[in-house]
Amino acid sequence: MHEASRRAKLRKIQELGIDPWGSRFDDHARIADIRAREGEITVEPLAEGQREPHQNGPKVRAAGRIVLQRKKGKLIFLDIRDWTGQIQLFVGRGQVGEENWALAECLDLGDLVGVDGELKRTKTGELTIFVEKLHFLTKSIETPPEKHHGLTDPELRQRMRYIDLAYTEGVLPKFLDRTKIVASVRRTLAASGYVEVEGPTLHAIAGGAAARPFKTHHNALDMPLFMRIALELHLKRLLVGGMERVYELGRVYRNEGISPRHNPEFTMLEAYQAYGDYGTMMDLTERIILDALDAIGAGRQITWGERTIDFTSPFARKTYDELFAEHTGVSPDDAAAVKKLADGIGLETAGKHPDVIKSEVFEERVEDALVGPIFVIDYPASICPLTKRKQGSEHIAERFELFIQGMELANAYTELNDPDLQEELFRTQLQGQKEEDSMAKMDHDFIRALRHGMPPAGGLGIGIDRLVMLLTGSQNIREVILFPLLRHEEPRRG
RNA sequence: GAGGCUGUAGCUCAGUCGGUAGAGCAACGGACUUUUAAUCCGUAGGUCCUGGGUUCGAGUCCCAGCAGCCUCACCA
């Protein structure tokens with residue numbers, strides 16, 4: 001086993017009087033910051049008889065994981081990596097002395113080390129720390145993946161994300177981009193006067209979206225509970241309570257299929273602004289996205305597979321009906337023609353409301369074709385039970401969805417705040433639908449809250465995982481979720 | 001939930017017609033004081049996903065299962 005030789009080196013390190021599991025190591029610089037000091041290297045003029053000009057560089061201290069190792073007799077080149085970058089180390093037997101050299105001979109790929117040394121360039125110009133003192137920080141008793149290809153098996157990459165992060169090119173920077181995007185979203189909202197709150201994740205009624213919830217149970221109260229599927233209804237209660245600009249950025253859970261765009265738990269942003277409407281939220285959405293692009297140092301063009309997403313502001317805006325007509329060639333107002341179209345596609349139409357049929361045709365024929373970014377605005381009211389109707393047109397709801405690469409990224413309404421209409425919509429939506437299929441689950445406490453007066457408001461939801469996918473050019477949601485759901489790993493037998 | 005593809009050394013992958021297991025990297029031993037996926041010589045390393053079946057003989061063919069990926073369904 002490979003482990004045996006690593007354990008043998010571990011013992012050798014112990015025999016040198018060094019703790020193979022290391023300890024506190026203060027005052028080291030980030031490798032990116034060390035690399036930035038290249039300009040401080042000075043080169044003395046070449047003296048008579050000298051082959052190489054003498055360099056003076058800054059003294060630096062670094063720490064990281066050994067990712068490459070080139071042993072060359074009494075000389076070892078190591079590449080160490082931290083979460084900001086990678087740099088080469090030069091360890092020469094004559095330069096570091098016998099004690100350090102004895103330790104250097106115990107190094108394996110994957111070990112964590114710290115070094116003190118001088119930052120200079122090698123003959124070939126590679127920026128390098130010429131080690132003067134080696135500090136052993138932690139032994140790795142497992143072999144890292146192949147150094148050139150890294151881990152490529154998607155199953156291993158997800159199950160052992162720690163290896164993927166540590167060794168696969170670009171993985172750690174992408175997840176750090178994710179945190180930068182999330183931080184940026186919070187900054188944008190804070191700058192717009194929003195406060196962040198934490199609502200309950202265990203709900204007695206899983207409302208606010210159309211999705212199957214995970215069921216659980218509270219023992220002491222002997223009460224069935226659901227993991228939340230949306231943040232909406234509690235945030236609106238806070239609008240009633242006077243939190244005029246409020247958001248939550250957190251995990252929601254949907255007991256549904258897994259796909260390149262779906263994970264059972266995912267991160268959702270919902271934001272509500274009193275005295276705003278869906279137009280307010282459209283502006284906010286665009287600001288959140290553009291700020292996030294800036295936060296990761298991306299431009300306005302993002303490569304997406306074979307295509308490029310152009311985030312140049314302002315994003316296109318078209319109405320639902322316009323797009324419907326454009327992509328299907330059928331008038332959205334001609335219910336008979338729409339039904340015929342739906343039948344032609346093979347959709348089940350019997351007994352369905354014309355707007356539901358229209359919506360299914362839209363999903364089938366329009367959404368996938370929306371390269372975007374494009375705001376689709378003004379949805380059929382009957383598929384929007386939580387949305388205010390447009391002034392003077394009772395069949396249109398003030399709702400938009402933002403589509404990019406056929407993916408729904410954001411969904412926003414002018415919020416319905418009429419308690420009587422809300423209650424009626426809850427009731428009528430429930431008729432003929434399985435409750436779990438409906439966005440409108442009767443929630444009496446929510447109705448009671450509305451009766452106390454919820455200000456007219458705009459509300460917005462953004463799927464954060466999808467936002468990260470789009471901004472980082474990742475075509476699979478598992479590329480931006482650290483630990484996506486997997487089946488149980490079968491324990492190795494023997 | 002349905003269909004298709006995949007599963008071989010720590011990692012990345014070959015493996016022909018069914019004839020008894022291969023490479024590169026990593027590891028181990030040796031050479032090498034400016035290398036860059038270092039190089040060179042040598043050594044070792046296998047529950048071929050699991051369980052059945054066919055066969056004189058199975059990594060290879062058949063059946064079942066497990067896991068991953070893709071497509072579809074559900075959904076964001």
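The values are calculated or read from the model by the stated rules, or taken from the named source; none is laboratory data. Everything quoted here is computed from the prediction, not taken from an experiment. Positions of Cβ are generated from backbone atoms using ideal geometry, with glycine treated the same way; all protein chains shown enter the neighbour counts. Protein only, heavy atoms only, side chains kept; ligands, DNA and RNA dropped before computing areas. Shrake-Rupley method; radii C 1.70, N 1.55, O 1.52, S 1.80 Å.
Within the stretch A:109-128, the set of residues being within 12 Å of RNA strand B (Cβ to nearest atom) and charged (D, E, K, R) comprises A:111, A:118, A:120, A:121, A:123, A:126.
For the stretch A:120-142, the condition holds for no residue, the condition being that it is open to solvent by 50 Å² or more (accessible area, probe 1.4 Å), under 27 Å from residue A:297 (Cβ atoms) and free of Cβ contacts under 8 Å to residues at least 24 places away in the same chain.
The residues in the stretch A:361-378 that are out of contact with any His (no Cβ under 7 Å at 6 or more places or on another chain), in contact (Cβ under 8 Å) with a residue 40 or more places away in the chain and in a helix (DSSP H, G or I) can be counted, and the count is 2.
Taking the stretch A:140-157, which residues are near RNA strand B (Cβ under 6 Å from one of its atoms) and not polar (S, T, N, Q)? Correct list: A:145, A:146, A:147, A:148, A:149, A:151, A:153, A:154, A:155, A:156. Take residue A:85 and decide whether it is touching a residue at least 12 places away in the same chain (Cβ under 8 Å) and open to solvent by 10 Å² or more (accessible area, probe 1.4 Å). Yes: the conditions hold for residue A:85.
When you scan the stretch A:107-119, how many residues do you find that are of a type in the set (A, V, I, L, M) and either over 28 Å from residue A:162 (Cα atoms) or without any contact (Cβ under 8 Å) to a residue 40 or more places away in the chain (or both)?
Qualifying residue count for the region: 1.
Quick one: would you say residue A:265 is within 16 Å of RNA strand B (Cβ to nearest atom) and farther than 18 Å from residue A:473 by Cα? When the stated conditions are applied, residue A:265 passes them.
Might you let me know whether the stretch A:379-394 holds any residue that is within 16 Å of RNA strand B (Cβ to nearest atom), open to solvent by 50 Å² or more (accessible area, probe 1.4 Å), in contact (Cβ under 8 Å) with a residue 40 or more places away in the chain and under 25 Å from residue A:286 (Cα atoms)?
no
Between A:98, A:52, A:38, A:44, the distinction of being within 16 Å of RNA strand B (Cβ to nearest atom), within 14 Å of residue A:127 (Cα to Cα) and open to solvent by 50 Å² or more (accessible area, probe 1.4 Å) belongs to A:38 only. Within the stretch A:280-295, the set of residues being open to solvent by less than 10 Å² (accessible area, probe 1.4 Å) and small (Gly, Ala, Ser) comprises A:292 only.
Taking the residues in the stretch A:224-242 that are of a type in the set (Gly, Ala, Ser) and away from RNA strand B (no atom under 12 Å from the Cβ) as candidates, determine which candidate is most open to solvent (accessible area, probe 1.4 Å).
Applying the filter and picking the extreme gives A:241.
Say we look at the stretch A:243-259 and pick out the residues that are open to solvent by 70 Å² or more (accessible area, probe 1.4 Å) and out of contact with any Phe, Trp or Tyr (no Cβ under 6 Å at 6 or more places or on another chain); which of these is nearest to RNA strand B (Cβ to nearest atom)? Looking at the filtered set, the residue picked out is A:256. A single member of A:249, A:284 is assigned to a helix (DSSP H, G or I) and aliphatic (A, V, I, L, M), and it is A:284. Yes or no: the stretch A:183-192 includes at least one residue that is more than 16 Å from RNA strand B (Cβ to nearest atom) and closer than 21 Å to residue A:83 by Cα. Among the residues of the stretch A:183-192, at least one is more than 16 Å from RNA strand B (Cβ to nearest atom) and closer than 21 Å to residue A:83 by Cα, which makes the answer yes.
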